[in-house]
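Asker: Before anything else, here's the structure in question.
The values are calculated or read from the model by the stated rules, or taken from the named source; none is laboratory data. Please read these numbers as outputs of a predicted model, since none were measured by experiment. Backbone-built Cβ (ideal geometry, glycine too); neighbour counts: all protein chains shown. The protein model used for the area step is the full one, side chains on, heavy atoms only, and it has no ligands, DNA or RNA in it. Shrake-Rupley method; radii C 1.70, N 1.55, O 1.52, S 1.80 Å.
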Amino acid sequence: MNTTTAARWIEACEADAIDEEDVMRFDHDGHTYAIYRSPDDEYFATDGLCTHEQIHLADGLVMDHIIECPKHNGRFDYRTGQAKGAPVCVNLKTYPVKLDGGKVFLGLA
Amino acid sequence: MTGAAQPESMIVIGAGEAGARAAMALRESGFAGRVTILGDEAHRPYERPPLSKAALTDAAEPQAAFILTPDRLDEHGITHLGGRAVTAIDRAAHEVHLADGERLRYDRLLIATGARARKLALPGATPENVLYLRTFEEARALRSRLAPGAHIAIIGGGFIGLELAAAARARDADVTLIELAPRLLARAVPAAIAAIIAARHEAAGVRLRLGTGIERIEAEGERHAILLSTGERIVCDGIIAGIGAVAETGLAERAGLAIDNGIAVDGRLATNDPDIFAAGDCCSFPHPLYGDRRLRLEAWRNAQDHGNAAAKSMLGGSDAYQAVPWFWSDQYDLTLQIAGLADEGRETVTRDLGDGARLDFHLAGDGRLVAASAVGPNGRIARDVRLAEMLIGKRVTPDRASLVDVSVKLKGLLAG
Ligand SMILES: Cc1cc2nc3c(=O)[nH]c(=O)nc-3n(C[C@H](O)[C@H](O)[C@H](O)COP(=O)(O)OP(=O)(O)OC[C@H]3O[C@@H](n4cnc5c(N)ncnc54)[C@H](O)[C@@H]3O)c2cc1C
Ligand code: FES
């Protein structure tokens, strides 16, 4: 879990609204994010749209620590945002996440 | 193994999807010698799928979607020579000949020359009155014809023809689509799914003429007239043909390499010359998932996966290529995705994904899952098709009830 201090913590969803090894879309203030719950039960967040074409990653498949884009299967490590090879070459922006009272909060600058 | 034990010069013919990926993969595998991509197109390698989609429909003039930036080429020490057609391969000398007379030496060679649009052989069809789509320039030329109110005739009800029809409707052009077979997408898509796609096109106002041949094309003043086998005469402002592609095998043939519906390669993507490999649309290869059935695919992911695999084999790897075939197409708000080979199926089991989205699982006679085809909004189908693809790769014989029941997660079947 990312512990960077963020300027604002935004409540996103209930922690158990996301299955283990799964992803959920979260829209806030005209921006779309993807929130992940890893197989080892940690939470992460990235920008919600693929960097190849503007496609919602939350419709994709999470396997271990990889989110696969539902359009052309571009892959990212959602913990770091790192693009894992063709057709994606631009990394995803990541955001800090914290759990509080069974809820997931996103740290937005 | 012949040739240099330690290869120093790797040459890739064809600056397309497979060639670009192979060049990068050579570096990713640690190859430190020379890597040169020779392309007859002037451009750096670019993606073709957008040519029949966003490049035609975006409001802004299209840019080619380049696969590699100049920075990435530099960073990886890959030389791309554009506008340089290869005219011959001298296998004995290990050299390729370029159109301008230059010769370049290779230790290992990859042929990734792709395919070209099949041309119409019809009375009255000329390069002036019939347009085709394979390159960025052709997409630009086509785009200028897709004006509101213009009547466009599309010949061929395959993927390219259908994506063109959707793009033309998006630009408010009128469309008549003519297909000789009694239904759309007869080659690769099950009838039930093709019917959904046909209905979507009709709802968008495309006039479908299925099971319809063409007698000839004539001039009609500034316009064109197409005479159909049914006696109908279609007067239009532009004619575009999407009637399939022909593997670009000329170089390989003249070099005496084996050809079998494309450049024939083995499971490592090696030709009958151990220093020459082929990848992508130009080659046919045996697929271990389907009893080594020889396939030639015209699919973007296959071109990438082939590029990766060919690079490994060029460096001496011995793995057989076995990626599950996968293809997608976008038309209007619908995406079609197919994993595996639907024609290997003897029985179909359908999962209703909601919102009109449908996923068909194709099972072989022994119950093994051999393909999955789906149509619907991309976000509805993609995840399950991807999981189906993994199940196909694992050669599972799934329980039919679990495939149909949407409350059973396909991911759970993977673990089993
Ligand atoms: C309009 C269009 C839309 C498509 N949409 C989809 C889609 O939605 N989904 C999907 O899965 N697939 C799609 N495809 C297919 C996909 O783009 C191809 O499978 C892929 O491009 C094949 O890659 P390749 O490297 O084998 O060949 P190409 O990308 O065709 O590259 C081959 C290159 O080699 C060059 N060449 C040929 N001969 C020589 C020579 N003698 N010397 C030098 N250079 C040479 C060619 O000019 C070309 O640049 C589409 C294709 C087209 C044309
Ligand atoms: S849009 Fe995500 S990989 Fe292409």
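Asker: Among the residues of the range A:54-68 satisfying the criterion of being within 18 Å of A:ASP27 (Cα to Cα) and either within 8 Å of ligand 2 (Cβ to nearest atom) or in a loop (DSSP other than H, G, I, E, B) (or both), which is nearest to the chain's Cα centre (by Cα)?
Answerer: Filtering the range A:54-68 for residues that are within 18 Å of A:ASP27 (Cα to Cα) and either within 8 Å of ligand 2 (Cβ to nearest atom) or in a loop (DSSP other than H, G, I, E, B) (or both), the one nearest to the chain's Cα centre (by Cα) comes out as A:LEU57.
Asker: B:GLY30 - would you say it is away from every other protein chain (no Cβ under 14 Å), away from ligand 2 (no atom under 16 Å from the Cβ) and touching a strand residue (DSSP E or B) at 6+ places or on another chain (Cβ under 8 Å)?
Answerer: Considered against the rule, which asks whether it is away from every other protein chain (no Cβ under 14 Å), away from ligand 2 (no atom under 16 Å from the Cβ) and touching a strand residue (DSSP E or B) at 6+ places or on another chain (Cβ under 8 Å), B:GLY30 comes out as no.
Asker: Return the residue satisfying two criteria in turn: it lies in the range B:334-393 and is part of a helix (DSSP H, G or I), among the charged types (D, E, K, R) and away from chain A (no Cβ under 14 Å), and of such residues it is nearest to B:TYR290 (Cα to Cα).
Answerer: Ranking the qualifying residues of the range B:334-393, first place goes to B:GLU344.
Asker: Ok, one more. Six or more apart or on different chains, Cβ atoms under 6 Å: show the pairs whose first residue is in the range A:41-64 and over 26 Å from A:GLY102 (Cα atoms) and whose second is open to solvent by 50 Å² or more (accessible area, probe 1.4 Å).
Answerer: Every condition considered, the pairs that remain are A:THR51/A:VAL90.
Asker: Would you tally the residues in the range A:90-109 being within 14 Å of another protein chain (Cβ to nearest Cβ) and in contact with a helix residue (DSSP H, G or I) (Cβ under 8 Å, 6 or more places away or on another chain)?
Answerer: Summing the residues that are within 14 Å of another protein chain (Cβ to nearest Cβ) and in contact with a helix residue (DSSP H, G or I) (Cβ under 8 Å, 6 or more places away or on another chain) in the range A:90-109 gives 0.
Asker: Within the range A:49-89, restricting attention to residues that are at the interface with chain B (Cβ under 10 Å from one of its Cβ atoms) and more than 27 Å from B:GLY376 (Cβ to Cβ), which residue is most open to solvent (accessible area, probe 1.4 Å)?
Answerer: Only one residue tops the list, namely A:CYS89.
Asker: Moving on. Exactly one of (1) more than 23 Å from the chain's Cα centre (by Cα); (2) within 16 Å of ligand 2 (Cβ to nearest atom) is unmet by B:ARG386. Its number?
Answerer: (1)
Asker: With the requirement that a residue be near ligand 1 (Cβ under 7 Å from one of its atoms), more than 13 Å from B:ILE111 (Cα to Cα) and within 12 Å of chain A (Cβ to nearest Cβ), what does the range B:299-319 give you?
Answerer: Correct list: B:ALA299, B:TRP300, B:ARG301.
Asker: Take the conditions within 14 Å of chain A (Cβ to nearest Cβ) and either more than 30 Å from B:ARG140 (Cα to Cα) or in a loop (DSSP other than H, G, I, E, B) (or both) and apply them to B:PRO62. Does it pass?
Answerer: Spelling it out, B:PRO62 is indeed within 14 Å of chain A (Cβ to nearest Cβ) and either more than 30 Å from B:ARG140 (Cα to Cα) or in a loop (DSSP other than H, G, I, E, B) (or both).
Asker: Which condition does B:LEU251 not pass, out of (1) open to solvent by 10 Å² or more (accessible area, probe 1.4 Å); (2) in the same structural domain as B:LEU177 (by TED's automatic domain parsing); (3) out of contact with any Phe, Trp or Tyr (no Cβ under 8 Å at 6 or more places or on another chain), if it passes all the others?
Answerer: Only one criterion is unmet by B:LEU251, namely (2).
Asker: Those residues that are open to solvent by 20 Å² or more (accessible area, probe 1.4 Å) and either touching a residue at least 40 places away in the same chain (Cβ under 8 Å) or not hydrophobic (A, V, I, L, M, F, W, C) (or both), I need them from the range B:403-416; list them, please.
Answerer: Listed by number, the residues that qualify are B:VAL404, B:ASP405, B:VAL406, B:SER407, B:LYS409, B:LYS411, B:GLY412, B:GLY416.
Asker: Go through the range B:26-59 and report how many residues are in a strand (DSSP E or B) and either assigned by TED's automatic domain parsing to the domain that holds B:ARG169 or closer than 24 Å to A:THR51 by Cα (or both).
Answerer: Of the residues in the range B:26-59, 1 are in a strand (DSSP E or B) and either assigned by TED's automatic domain parsing to the domain that holds B:ARG169 or closer than 24 Å to A:THR51 by Cα (or both).
Asker: All but one of (1) surrounded by fewer than 20 Cβ atoms within 10 Å (Cβ to Cβ); (2) of a type in the set (Ser, Thr, Tyr); (3) within 16 Å of ligand 2 (Cβ to nearest atom) hold for A:SER38; which doesn't?
Answerer: The single condition A:SER38 does not satisfy is (3).
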